[in-house]
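Colleague: The structure is given below, and queries will be raised subsequently.
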Amino acid sequence: MLRISNSRLIYRLIHFSIVADLKGTLISYLLADGVDLRFRRKRNKWRRVIHDYKMQWIIRFSGFVSAIMVMIVLAPSLQSFHPAEAIRSNTHIDGYIDGHIPATVTHRSSFRREAIFRDAVGCKQVSGSGDVCDPSLVHVAITLDFEYLRGSIAAVHSILQHSSCPESVFFHFLVSDTSLETLVGSTFPKLKFKVYYFEPEIVRKLISTSVRQALEQPLNYARNYLADILEPCVRRVIYLDSDLVVVDDVSKLWSTSLGEKTIGAPEYCHANFTKYFTAGFWSNRRLSGTFSDRNPCYFNTGVMVMDLAKWRQFGYTKRIERWMEIQKTDRIYELGSSPPFLLVFAGHVAPIDHAWKNIGITKL
């Protein structure tokens, strides 16, 4: 603290000294020049006087600029703390919501233990064993990896914080590194969850190059296999991207009516649907004909309610894989993991209130 105070004092003294010196120098020169000009009346000296006067001002202005440059150079080293310390402070995990999710500063994947969230009055009793097949549970699936770990932990916290019955929420974490299970358990005591290892090789051979390398990560495609990975008794699940924060009760999303549809998601029918696929796709009637009997709209695959029972019944995983195989040879789209979902489901989606994308859920 003393170091910080001395730095500020030195900065102020240098600033005051330079400014005072500049002010005094300018005033003295102006007064001197004024007197000198009043007493030099001879015509043959006026040109020289004016020339000398201009040169003096050029020299003074150059000195003023130099003083300013010195202040700019010195200023960063005289701040209240070193810039490197500020950069290091950004690596700490700050609270995402009301400061409730800070982390220890010792390791990038160490988080402070979260408080236990309790059900409000009127919630259905859930068995203490946390059996995944309990019919009263709300199932939420999220991917976990080290790159987006902070966002995922914030997402889990936000769901628990805003849920009126947090003890009824069961989390299904899809991971490519099983060491994350210990982290989740230590961060959220009493959390009902299960970790599923997603084998990257399952989908790696189906992934085509994309406009961004991040879209080529195998874990992005884990949602395609939820019906196969989760227990057969799990008949419905909410899938959320790992960079979202929920600011409403997730049970409202859980209770969304899907009718005869297999998935529900926020739709955007005003978007130009054609731009999600290549010209080659639209010129091929055999491929583009998949939309001939439906009115397709773009929908957000980062927020979905999925009827896994129907998914299993109609074999949608294989249908998505088939489109990915076509993409490998014919290049029918450019953007990652969403287009296969559009090809299979667009026009057959139960619309979810846009408030869940614009208000109920926000991106980090």
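Colleague: Conditions first: (1) at pLDDT below 90; (2) more than 22 Å from the chain's Cα centre (by Cα). Val169 passes all but one, so which condition is the exception?
Modeller: It is condition (1) that Val169 fails.
Colleague: Right, next: Starting from region 339-352, keep only residues that are within 14 Å of Lys310 (Cα to Cα), then list their pairs with residues that are of a type in the set (Lys, Arg) whose Cβ atoms are within a distance under 8 Å, requiring at least 6 positions of separation or different chains.
Modeller: If the second residue must be of a type in the set (Lys, Arg), the pairs left are Val344/Arg319; His348/Lys261; His348/Arg294; Val349/Lys261; Ala350/Lys261.
Colleague: Could you tell me how many of the residues in region 298-324 are of a type in the set (A, V, I, L, M) and without any contact (Cβ under 8 Å) to a residue 60 or more places away in the chain? Write out each step before concluding.
Modeller: Keep residues of region 298-324 that are of a type in the set (A, V, I, L, M), which gives 303-306, 308-309, 320, 324.
Checking which are without any contact (Cβ under 8 Å) to a residue 60 or more places away in the chain leaves us with none.
Looking only at that region, the number is 0.
Colleague: Here's something else I'd like to know. Being farther than 27 Å from Thr256 by Cα and surrounded by fewer than 13 Cβ atoms within 10 Å (Cβ to Cβ) is the filter here; which residues of region 281-319 pass it?
Modeller: Ser283, Arg285, Arg286, Gly289, Ser292
Colleague: Looking at this structure, is Phe193 assigned to a strand (DSSP E or B), more than 23 Å from the chain's Cα centre (by Cα) and more than 12 Å from Ser242 (Cα to Cα)?
Modeller: Judged against the criteria, Phe193 is a match.
Condition check ((1) modelled with pLDDT under 95; (2) among the aromatic types (Phe, Trp, Tyr)) across all residues:
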position	(1), (2)
Val245	yes, no
Ser255	yes, no
Thr262	no, no
Cys269	yes, no
Phe281	no, yes
Asp307	no, no
Glu334	yes, no
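The values are calculated or read from the model by the stated rules, or taken from the named source; none is laboratory data. Please read all numbers here as calculations on a predicted model, not as lab measurements. When we count neighbours, we look across all protein chains shown, and the Cβ atoms used for this are built from the backbone with ideal geometry, even at glycine.
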